[in-house]
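To start, the structure under review is shown below, and the notes come after it.
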Amino acid sequence: MIGTLLRIGTLNVRRDRVVLALTFLLPVMFFSIFASVFGSQRDSTSKIRVAVADLDQSDYSKKLVAALKAEGGLNVQTTEKSDGTGAVLDRDKSEALVKAGTLPVAIVLPKGFAAGGRFFSRDETAPKIQLLVDVSDPIATQMVQGLLQKVSFTAAPSMMATEGMGMLEKYGGTLTPQQRAAMDSWNQQLATQESTASQTVSNFGPAIDVVNVLQPGYGNVGIISFYAAGIGVMFLLFSASGAGGALLDEEESGTLGRLISSRAGMTGVLIGKWLFIALLGVLQLTVMFVWGMLVFHLPLLNHLPGFFVMSIVTAAAASAFGMLLATMCRSRAQLSGISTIVILAMSAVGGSMFPRFLMTETMQKMGLVTFNAWALDGYIKVFWRNVGIFELWPQVAVLVGLCATFLLAARMFARRWERL
């Protein structure tokens, strides 16, 4: 009997394509996506773009800029255009590049910062290096800050040695003429060589201020708004597909036939259900963001117009997507399996599970074919970049186009019910 039961189970699995996909296709798909995203983090060819504005123009600041350019993990830009043309960057131009999303980090070397103690002592009244950051990419911020600390030591070893000996003389006594001569000779050798030593940086080095230029005063609001949008959009798709499954329930109970034969017709039934699910979706997204405002201090009230524009078009497109899945499937079980596979795959590639900036450029471009990517890009513009409503037109246009496409496709698949 055990052998017979095994054969029956094998036949059932082979006949159910949804079970086959959930068992074999979905795990491999998720493994491939996560491996592509996190496996690429060790790719040495992937460089972080960073702007550098040298307002000090001292010997040390010039060496610091040269050392940053020599870093293999950075792609340094010192002019308005990445090809080296345009005006030399100042603080305002660097901040504009970060706010526009052109690059995630800008380093500003203010006038007189080098005079405030570079290595072992600091003048707290001296200007500090500023790191102008886009909080939507926290990894770039941390990497640039670490590399900046590193090159502040390795860029000018002779200056570090001179300052160190100055501290020694201050607290340990004046050097003898022989010690002074040996120190001068060593400094000359250091000045003509590149240091390859690895430095351990703790509380030493130049003082650095990290400035959130997109959301000043709101702390880590960027990540909070990202996950509110990412999780909200993913579960919006699940709820839309589940609510769209009411069509299958009504078909099974015979209610759908009576609705189609009424004055509403098939088109009216689809439009009515689409509108209900869309309104439910707007309410669902509103609850998510209100919770984020109350518990995690998300500045929702400052972005209400952009939030409602994105929520309306996102919910409308998600509702149409749910209707399309329901009209394509023959049963609730089939809808549940197919929607799980499709929505999880779209959410992984589209950025609902983790930020798309962690992905390779190829993966980011692939994500643009998903519903999630365009919705999340719109919410990022609203909450991270503080753009006006009219600047949301690319995302709104794509989502409206997807909504119309999904509805037309759902109407086409729904013809099978009119033939009954």
Segments 55-66, 86-97 sorted - mean Cβ within 10 Å per residue, highest first: 55-66, 86-97
Per-residue accessible area, 1.4 Å probe, largest first, puts ASP249, ASP134 in the order ASP249, ASP134
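Could you sort ASP209, ASP137 by their accessible area in this structure, using a 1.4 Å probe and putting the largest first?
ASP209, ASP137
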Can you give me the Rg/Rh ratio for the stretch 277-339, using Cα atoms for both radii and the Kirkwood formula for Rh? 1.14
What figure, in Å² to the nearest 10, do you get for the accessible area of ARG332 with a 1.4 Å probe and non-protein molecules left out? 100
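Using the C-alpha gyration tensor of the stretch 231-292, what are the square roots of 5 times its eigenvalues, in whole angstrom, with the largest one first? Intermediate values should be presented prior to the final figure.
Numbers: eigenvalues 159, 29, 10 Å².
So the equivalent ellipsoid measures 28, 12, 7 Å along its semi-axes.
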To the nearest 10 square angstrom, how much accessible area does MET366 have with a 1.4 angstrom probe? 90
Grab the Cα-Cα distance for LYS62 and MET328, subtract it from 0.36 nm times how many residues apart they are, and report the gain in nm with one decimal. 89.4 nm
Order of exposure, largest accessible area first, which applies to ILE139, ILE223 with probe 1.4 Å: ILE139, ILE223
Tell me the accessible surface of GLU418 in square angstrom (1.4 angstrom probe, heavy atoms of protein chains only), to the nearest ten. 80
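The values are calculated or read from the model by the stated rules, or taken from the named source; none is laboratory data. Just so it is clear, the structure is predicted and the values come from calculations on it, not from any experiment. Quick reminder, even Gly has a Cβ in these numbers, built from the backbone with ideal geometry, and neighbours come from all protein chains shown. All accessible areas refer to the heavy atoms of the entire protein, side chains included, with ligands and DNA or RNA removed. Shrake-Rupley method; radii C 1.70, N 1.55, O 1.52, S 1.80 Å.
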